[in-house]
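Structure record follows, encoded as structure tokens.
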Amino acid sequence: MIGGYRVIRKVAAGGFGVVYLAVDAEGQQVAVKEYLPSSLATRAPGSLAPQIQPEKLSLYRLGLKSFFEEGRSLAQISHPSVVSVMNFFRENETVYMVMNYLEGASLQDFILTARDLKQAKVFRESTIRSLFDEILRGLRIVHQHRMLHLDIKPANIFITDDNKSVLIDFGAAREVLSKEGNFIRPMYTPGFAAPEMYRRDASMGPWTDIYAIGACIYACMQGYPPNEAPQRLENDRITVALARLRGVYSDNLIEVVEWCMSLDPLSRPQSVFALQKELSREGERRYTKLSVTEKVRLQFDTMVSDTKKNVQKATGVAGKPK
């Protein structure tokens, strides 16, 4: 029993916590998320309280405070596309967040299944637009509450059995610990984290989440995540990769993804509203097919880029190709 909830089983565990399936006093199923950062705390078998080394205690408490505040903020948001926090409380020297229990699968699961079918389109364009229209409605409310998600990726977009899209697993505590601790890289999901998340002094805002939305749409189109931001800063191949999808997806959708994934934060949509407006322009869909010359050029550019990359690997020379 934790805070009046009876734990049934562990559902998931990550670098920052553990999620349990539990039931409340009325027998209603809930998800209980416990703050337990694996890099800062351990727990002996049979024990409820975490063990924290003295030198890591201040960092542990900082993340704990952020996790608690995140629970309090999420509890104020009521939107079908944002995970619903029903309760949050301190116990056993940690914090627990009680959420509605969702049944279904993550967008990541759907992408992997669709990718295995090896069709030209991983998802239909109408499916992508409809899915992200729902997610953006929820994200807009989150931003209006002066919160950022900071860990949007297909694994954190949940598709319920009744076909609703829900944003789960916010990353506020992760972000605080990244900036205060000296272990930035392992906390971000390669391909979905914006370039500014890798810099300690960079300012983050709605544009940071919008980069991740673009990366998620890219994954829905390609079946694979884009290259991670530090790689793109060295050798950006997003435009080349998206050009291969011309004629499969509309020019408008391809342009939206490029816009969201601009390496310069100021070049991206600065608000969810601006992105929603562009994504809803279905009347302007064009499907420009590549000409034979463009196809040859694309293959040549890819071949040259791959050759340069192989030479860099062989010689140990990194940096932007000349």
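Among K121, K153, rank each residue by its count of other Cβ atoms within 10 Å, from fewest to most, as a rough exposure measure.
Neighbour counts put them in this order, fewest first: K121, K153.
Per Stokes-Einstein, at 10 °C and 1.306 mPa s, what whole-number D in µm² s⁻¹ belongs to segment 6-100, with the Kirkwood radius over Cα pairs as the hydrodynamic radius?
After rounding, the answer is 114 µm²/s.
For T113, T189, T94, which order do you get if you count the other beta carbons within 10 Å of each Cβ and list the fewest first?
The most exposed by this proxy come first: T113, T189, T94.
Could you give me the ³J(HN,Hα) list for segment 74-85, computed from phi with Karplus coefficients 6.51, -1.76, 1.60 and θ = phi - 60°, whole Hz, x at Gly and Pro?
5, 5, 8, 9, 10, 8, x, 9, 10, 3, 8, 9
No value in this document is a laboratory result; all are computed from the given coordinates. Everything numeric in this text was worked out from a predicted model, so none of it was measured. Reconstructed Cβ throughout: ideal geometry from the backbone, glycine too, with neighbour counts over all protein chains shown.
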